[in-house]
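> Take a look at this one; I'll ask things after.
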Amino acid sequence: MSSVMDDPTLERHFKGHRDAITSLDFNSNMKQIASGSMDACVMIWNMKPQMRAYRFVGHKDAVTSVQFSPSGHLVASASRDKTVRLWVPSVKGESTVFRAHTGTVRSVSFSSDGQTLLTSSDDKSIKVWTVHRQKFLFSLNQHINWVRCAKFSPDGRLIVSASDDKTVKLWDKNSRECIHSFCEHGGYVNYADFHPSGTCIAAASTDNTVKVWDIRTHKLLQHYQVHSAMVNSLSFHPSGNYLITASSDSTLKILDLLEGRLLYTLHGHQGPASCVSFSRTGDFFASGGSDEQVMVWRTNFDSMDYSEVLEQKGARNEKTSSVHSRPSAQETEATGFTDGRTSQRSGSTARVRPTSVDSPSDAQLDSLPAALTSTLQHIVGQLDVLTQTVAILEQRLTLTEDKLKECMEMQRQSMSEN
């Protein structure tokens, strides 16, 4: 009899970066994955096996963060060269660039409406920009050390930030005030993000732990000590029921937030796992590491009602599976496999239950005619490209104006000398 709950499987992995992967993100259409690396490149991996990857060169130093816009027609990248670039994820790889900070830019993140961009930096500040024309709006400046990560809440009203000052801060975007500082971590905070419901936040730290807080009561809901080295990244499943983490102990851990315990340990990366991200639908997740590989996994375990999961977990007597994968050099386009399973005690924690949010139902999605949906997506895509083109033209116009001023100044000087 087959198991109710299937283990995650490694679907394929991508090789092309020449240094450690720092960040990755799925396009909302599930056709592309963007990754950034210490090799200063942004790569766009096409999920169709026959399509080649795109390598975007432009940053002068390590790329620290990448994210697709909600429409999927732009990719933002942050770099140690203190700039942010906005790329069109096509074979041409056109981009606009702006100097965002006076130190390394650690993270870049779009608001859910795609209109605003959020950056954080080693200059200890968080900045908010318009995507169109990259106009600076305001900055948030209460951190006293590098700001590793900043994210918008799902409704765009709040911002969460994680810093080397060992705090996670919650900000009101409209008033620009810090609402609360969470100070429970004993180490630098590498990453933070909002639960899909917008009611909780989770943070990953160099103290090897992951913590989940309620943003309304500011109470610590859950504390996970399941890794044996620093936790570098995390990602919520769109259902809100699961959290995946990536650690320097080379493993990924899938946490069951409703039961408050470890569900799976995934071994795949040879060396530290630096980043992890669920796809927009939650069917897949991707991970990157210092082994220069991007791995794409099929989630599997989210394909049934949660009540079935609870029943099965009870039957397993609170034990969790550990899925091991050993990709060999020739498996450049690996198919899914899991070769060997061991049992492992779960890292149980306080069982306070964060609110979960269901994904849109198929009925809702099907209520729009397919042709209309396709047309609207095409229009949004064309608008994004148009915005990008206008931004490039504006940059060129500015350069031309500067050159003209320079020529006029030189002409004035030569006339005055004569």
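The values are calculated or read from the model by the stated rules, or taken from the named source; none is laboratory data. Everything quoted here is computed from the prediction, not taken from an experiment. Please note: Cβ atoms are built from the backbone with ideal geometry, for glycine as well, and neighbour counts cover all protein chains shown. Accessible surface is based on the protein model in full, side chains and every heavy atom, while ligands, DNA and RNA are left aside. Shrake-Rupley method; radii C 1.70, N 1.55, O 1.52, S 1.80 Å.
> Roll a 1.4 angstrom probe over the protein heavy atoms and tell me the percent of accessible area of the stretch 123-234 that is carbon or sulfur. Present the calculation step by step, with values, prior to reporting the outcome.
Details: 2040 of 4420 Å².
Taking all protein chains in place, the stretch 123-234 shows 46 percent carbon and sulfur surface.
> Once label points are set 7 Å from the Cα along Cα→Cβ at both I379 and E409, what is their separation, rounded to one decimal in nm?
4.6
> Then there's this: Given H placed on each backbone N at 1.01 Å, which residues far from S79 in sequence or on other chains put an amide H within less than 5 Å of it?
Correct list: T64, V105.
> Select from the stretch 111-200 those trypsin sites (Lys or Arg not before Pro) which occupy a DSSP coil region and have at most 15 other Cβ atoms within 10 Å, ordered by residue number. List each step's numbers first, then the result.
Details: sites: K124, K127, R133, K135, R148, K151, R157, K166, K169, K173, R176; in loops: K124, R133, K135, R157, K166, K173, R176.
Qualifying residues, ordered by number: R133, K135, R157, R176.
> Still on this model: Mind checking the stretch 208-289 for trypsin sites (Lys or Arg not before Pro) that DSSP puts in a loop (not H, G, I, E or B) and that have at most 16 other Cβ atoms within 10 Å? Spell out each step's value before the answer.
Details: sites: K211, R216, K219, K253, R261, R280; in loops: R216, K219, R280.
Taking the stretch 208-289 and a limit of 16 other Cβ atoms within 10 Å, the loop trypsin sites (Lys or Arg not before Pro) found are R216, K219.
> In whole Å, how far is the Cα centre of the stretch 29-91 from that of the stretch 151-184?
Using only Cα atoms, the two centres lie 26 Å from each other.
> Against the empirical 2.2 N^0.38 Å scaling, what ratio does the C-alpha Rg of the stretch 249-297 come to?
Numbers: Rg = 11.3 Å, N = 49, 2.2 N^0.38 = 9.7 Å.
My calculation over the Cα atoms of the stretch 249-297 gives 1.17.
> Would you please give the residues with an amide H less than 5 Å from that of T9, counting only those at least 5 places away or on a separate chain, with H modeled from the backbone geometry?
R298
> Just to verify a number: FRET efficiency for D113 and K31, C-beta to C-beta distance, R0 = 25 Å, to 0.05? Could you put the intermediate results ahead of the total?
On the way: r = 22 Å, r/R0 = 0.87.
Efficiency computed from Cβ-Cβ geometry: 0.70.
> While we're here: Relative contact order for the stretch 1-152: what percent, with Cα pairs under 8 Å and sequence separation of 6 or more? Walk me through the numbers before you get to the answer.
Working: 387 pairs, mean separation 20.5, N = 152.
Value for the stretch 1-152: 13 percent.
> On to the next question. Relative to the Cα centre, what is the charge dipole magnitude of the stretch 1-109, using +1 at the beta carbon of each Lys and Arg, -1 at the beta carbon of each Asp and Glu, and rounding to the nearest 20 debye? Intermediate results must be reported in sequence, preceding the final value.
Numbers: 14 positive and 9 negative charges, 92 e Å.
Once rounded to the nearest 20, the dipole reads 440 debye.
> Right, another one. Using Cα pairs under 8 angstrom and six or more residues apart, how large is the relative contact order of the stretch 167-299, in percent? Write down the numbers at each step before the final one.
On the way: 339 pairs, mean separation 18.5, N = 133.
Result for the stretch 167-299 is 14 percent.
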